[in-house]
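K.L.:
My questions will all concern the structure given below.
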2 protein chains.
Amino acid sequence: MTSHRTSTEPGRDVGWLDADELVAWKRLVAVVELIPSVLDAQLRRDSGLTHFDYLVLAMLSEVPDRTLRMTALAQRTNATLTRLSHVVKRLEERGLVLRFPCPEDGRATNARLTDEGWSVLTEAAPGHVTTVRESIFDALTPQQVSELSEIADAILRRL
Amino acid sequence: MTSHRTSTEPGRDVGWLDADELVAWKRLVAVVELIPSVLDAQLRRDSGLTHFDYLVLAMLSEVPDRTLRMTALAQRTNATLTRLSHVVKRLEERGLVLRFPCPEDGRATNARLTDEGWSVLTEAAPGHVTTVRESIFDALTPQQVSELSEIADAILRRL
DNA sequence: CTGGTGTGGTTGATGCTTCAACTAAGGTCC
DNA sequence: GGACCTTAGTTGAAGCATCAACCACACCAG
């Protein structure tokens, strides 16, 4: 129930997916389903973090003062503010992150990576990178990495 | 905290990601995060289904008798048996799917798509396909679709 | 035909995500 | 300097996924 047509028709069918697109789509759906579970499994097992936890810590670690406004952090992690708020609350309870009101804007909240959070992140990073390398990049040629980069970029500009 | 090196070093660094890989990875992570939310949002809004619900119904619809064993269905949807069991239970409560013991193997359970389920699926399909086309394939050239297909296939064989 | 092991599947508790509702502060218009 | 809209963020309830434990049947060995 992804296409009502089998294939072999010339031209671009606006309504449905042609055979090549259908194959690509099924594979992409599988990838999009499996990648998060692989990353989550490794990070939870080895570091007690979800992949999203890791992303939040990583984004803070790359930034001056290790501090970002919640909205900025949400943008960088491609998450809703609601989701981020819940996650940062849990990270704060674990001492990995500190929240404090933003001096410039009374509505805003800043999140800062603590030393403890930095330490957890640096311990988690090597295993995570190894997983990424082994499960993704070792399967691709440099040419394919470059193609993937372009394709992902094109898709992102649509979303 | 995805790479400790900036770039520009020749050769293949086993431990970390080089600059090209890092860019590709960040984009891929974003895609993998955003695609499910786009699909879920559209399907929930228009049809009251999650994308995974849709996938389950779609897999059943493509098969003789519209019937599959739970394990086979789990493989086709890239899900754990636990997850599938919960979802099929909910779908059964909504009358979209029927569960019954497998005659050949007393341990196994068959799941069959009901007429109601078929009808919900066929009503959901056009909107879903449109979303897929607009958010993914309209952004890609036929060449890129083919590259994506190969890349996803290579990754899947690793997982 | 009994005991042991592996397979197929379900369940309940827990944790994360989402949705709707809400508080509070900034900006604007007059 | 209120009335009003927008922006920033939080909260609680409900839904979905995951994990560990479990039951039931199949299969095999002796």
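The values are calculated or read from the model by the stated rules, or taken from the named source; none is laboratory data. Please read all numbers here as calculations on a predicted model, not as lab measurements. Here Cβ is always computed from backbone atoms with ideal geometry, including for glycine, and neighbour counts include all displayed protein chains.
K.L.:
Go through (1) within 16 Å of DNA strand C (Cβ to nearest atom); (2) of a type in the set (A, V, I, L, M); (3) under 23 Å from A:L39 (Cα atoms) and name the single condition B:V97 misses.
P.N.:
(3)
K.L.:
Could you list, in sequence order, all residues of the stretch A:91-112 that are aliphatic (A, V, I, L, M) and within 13 Å of A:D65 (Cα to Cα)?
P.N.:
Narrowing the stretch A:91-112 to residues aliphatic (A, V, I, L, M): A:91, A:96-98, A:108, A:111.
Scanning the stretch A:91-112 gives A:V97, A:L98, A:A111.
K.L.:
For B:L57, all conditions in the list (1) surrounded by fewer than 20 Cβ atoms within 10 Å (Cβ to Cβ); (2) under 16 Å from the mean Cα position of the chain (by Cα) hold save one; what is the number of the exception?
P.N.:
So B:L57 meets the others, but not (1).
K.L.:
Now for a separate question. With (1) within 10 Å of chain B (Cβ to nearest Cβ); (2) more than 27 Å from B:F137 (Cβ to Cβ); (3) more than 16 Å from the chain's Cα centre (by Cα); (4) of a type in the set (S, T, Y) as the list, and A:T114 as the residue in question, which single condition is left unmet?
P.N.:
(1)
K.L.:
Moving on to the next point. Determine if the stretch A:62-80 includes at least one residue that is in contact with a Leu (Cβ under 6 Å, 6 or more places away or on another chain), over 30 Å from B:Y54 (Cα atoms), at pLDDT 95 or above and more than 9 Å from DNA strand D (Cβ to nearest atom).
P.N.:
Yes, the stretch A:62-80 contains a residue that is in contact with a Leu (Cβ under 6 Å, 6 or more places away or on another chain), over 30 Å from B:Y54 (Cα atoms), at pLDDT 95 or above and more than 9 Å from DNA strand D (Cβ to nearest atom).
K.L.:
The conditions are (1) more than 26 Å from A:Q144 (Cα to Cα); (2) out of contact with any helix residue (DSSP H, G or I) (no Cβ under 8 Å at 6 or more places or on another chain); (3) away from DNA strand C (no atom under 16 Å from the Cβ); (4) not small (G, A, S), and B:T141 fails exactly one of them. Which is it?
P.N.:
Condition not satisfied by B:T141: (1).
K.L.:
When the residues of the stretch A:106-120 are filtered to those that are touching a residue at least 12 places away in the same chain (Cβ under 8 Å) and within 16 Å of DNA strand C (Cβ to nearest atom), which remaining residue is surrounded by the fewest Cβ atoms within 10 Å (Cβ to Cβ)?
P.N.:
Just the residues of the stretch A:106-120 that are touching a residue at least 12 places away in the same chain (Cβ under 8 Å), to begin with: A:108-114, A:116-118, A:120.
Retained after the next criterion (residues that are within 16 Å of DNA strand C (Cβ to nearest atom)): A:108-111, A:117, A:120.
On the way: A:A108: 13, A:T109: 16, A:N110: 19, A:A111: 24, A:G117: 24, A:V120: 22.
Here the residue is A:A108.
K.L.:
Something else: Say whether the condition of being exposed (fewer than 15 other Cβ atoms within 10 Å of the Cβ) and either on the phi > 0 side of the Ramachandran plot or of a type in the set (D, E, K, R) (or both) is met by at least one residue in the stretch B:70-84.
P.N.:
Yes.
K.L.:
Among the listed residues B:A41, B:A19, which satisfies the condition of being more than 10 Å from DNA strand D (Cβ to nearest atom) and either crowded, with 17+ Cβ neighbours inside 10 Å or closer than 21 Å to B:A79 by Cα (or both)?
P.N.:
Values: B:A19 fails: either crowded, with 17+ Cβ neighbours inside 10 Å or closer than 21 Å to B:A79 by Cα (or both).
Answer to the check: B:A41.
K.L.:
Between a first residue in the stretch B:79-93 that is closer than 21 Å to A:V32 by Cβ and a second residue that is near DNA strand C (Cβ under 6 Å from one of its atoms), which pairs have beta carbons less than 8 Å apart while being 6 or more apart in sequence or on different chains?
P.N.:
Pairs that qualify, where the first residue is closer than 21 Å to A:V32 by Cβ and the partner is near DNA strand C (Cβ under 6 Å from one of its atoms), are B:L81/B:M70; B:L81/B:T71; B:L84/B:M70.
K.L.:
All but one of (1) of a type in the set (G, A, S); (2) away from DNA strand C (no atom under 11 Å from the Cβ); (3) free of Cβ contacts under 8 Å to residues at least 24 places away in the same chain hold for A:S47, so report the exception by its number.
P.N.:
(3)
K.L.:
Something else about it: So, in the stretch A:53-70, how many residues would count as being among the charged types (D, E, K, R) and in a helix (DSSP H, G or I)?
P.N.:
Of the residues in the stretch A:53-70, the ones among the charged types (D, E, K, R) are A:53, A:62, A:65-66, A:69.
Still in the list and also in a helix (DSSP H, G or I): A:53, A:65-66.
Qualifying residue count, the stretch A:53-70: 3.
K.L.:
Okay, next question. Which members of the stretch A:87-140 meet the condition of being over 30 Å from B:I155 (Cβ atoms), within 15 Å of DNA strand D (Cβ to nearest atom) and in a helix (DSSP H, G or I)?
P.N.:
A:V88, A:K89, A:R90, A:E92, A:E93
K.L.:
Could you grab me the full set of residues in the stretch B:125-136 that are within 16 Å of the chain's Cα centre (by Cα) and of a type outside the set (D, E, K, R)?
P.N.:
Quick first cut of the stretch B:125-136, residues within 16 Å of the chain's Cα centre (by Cα) only: B:125, B:128-129, B:131-133, B:135-136.
Correct list: B:A125, B:H128, B:V129, B:T131, B:V132, B:S135, B:I136.
K.L.:
Still on this model: Among the residues of the stretch B:122-137, which ones are at the interface with another protein chain (Cβ under 7 Å from one of its Cβ atoms) and in contact with a Lys or Arg (Cβ under 9 Å, 6 or more places away or on another chain)?
P.N.:
B:S135, B:I136
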